[in-house]
Every structure is written in structure tokens, then in C-alpha cells.
Amino acid sequence: VCLTCCSRDVMVKIDQICHKNSVKFFTGDVFGYHGYMFADLGEHEFVEEKTKVTKVSSGVEDGPDTKKAKLDSSETTMVKKRVVFCQLKEALAVDWSGEKAKAALKRTAPDYFLLQ
């Protein structure tokens, strides 16, 4: 479900219905130069391809480049990952008075507060 130009209450209500029924939910809007996008994908599983890192054998070369790990592009492994997305209601209900939230405030984009 994709929503735009909706009130906060409508977005929260529809996200709760989607989350309950395992339906992916996207919402967003633009206000002049600023905008936001929110995605609730519920439990999302995906596969990530990782390149195997190999170390150079010691004693073969000398210098600063010898200590760096080399990427072996011929060998890759597939890693299965799982991410659990939060609901819109939870994302908007952050208590900014706590110590942990104050530290996160520096990393939070000002556009987050457009929804508030």
C-alpha cells in the first residue's frame, strides 16, 4: 500500500491494518524543498552477496600495503539476513527526553519533525 497527501491519523491507522495483515506499507509527502518517506515492510528477508576477504601471506612483500586485506572477487558467499521494521506509530512516538534519544537527535534528519 502506498499513501501520499494523507493526515497523520490516516497513515497510522492504515499502517496498523497493513502490519496486522503482513502487507507492505509506504507513505511519503513533499513540502517545498523538504519531504519524507516511511516504509513498514514488516519482517523482510533478503540475501546479500559477500566477497571473501583473504590475507596476503606474510613475508612475501614488505611495506604498508602488505598489512591490508585483499578482496578475492572469485569467491563469494550468500548471507541470508532478516530485518524487522517498526510501525509508523512507534516511529512517531519517540520520547526525546531520554539520554539515548538525545544522542540520536544529532543523527536524526530535521525532516523527521515535519510529520510531528
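Exposure check, 1.4 Å probe, all protein chains in place: Asp95 carries approximately 100 Å² of accessible surface.
Take the Cα of Met37, step 7 Å toward its Cβ, do the same at Thr76, and the gap between the two points is 2.4 nm. Solvent exposure of Ser97, expressed as accessible area, is near 80 Å², computed with a probe of 1.4 Å over the protein chains only.
Accessible surface of Arg8, taken over heavy atoms with a 1.4 Å probe and every protein chain present, rounds to 90 Å².
Of the cross-linked pairs Lys20/Lys80; Lys80/Lys102; Lys13/Lys81, those separated by over 27 Å at the C-alpha level are Lys80/Lys102; Lys13/Lys81.
The values are calculated or read from the model by the stated rules, or taken from the named source; none is laboratory data. As the structure is a computational prediction, the values presented were derived from the model and not from experiment. As a convention, Cβ positions derive from the backbone with ideal geometry for all residues, glycine included, and neighbour counts pool all protein chains shown. Heavy atoms of the whole protein, side chains included, go into the accessibility calculation; ligands, DNA and RNA do not. Shrake-Rupley method; radii C 1.70, N 1.55, O 1.52, S 1.80 Å.
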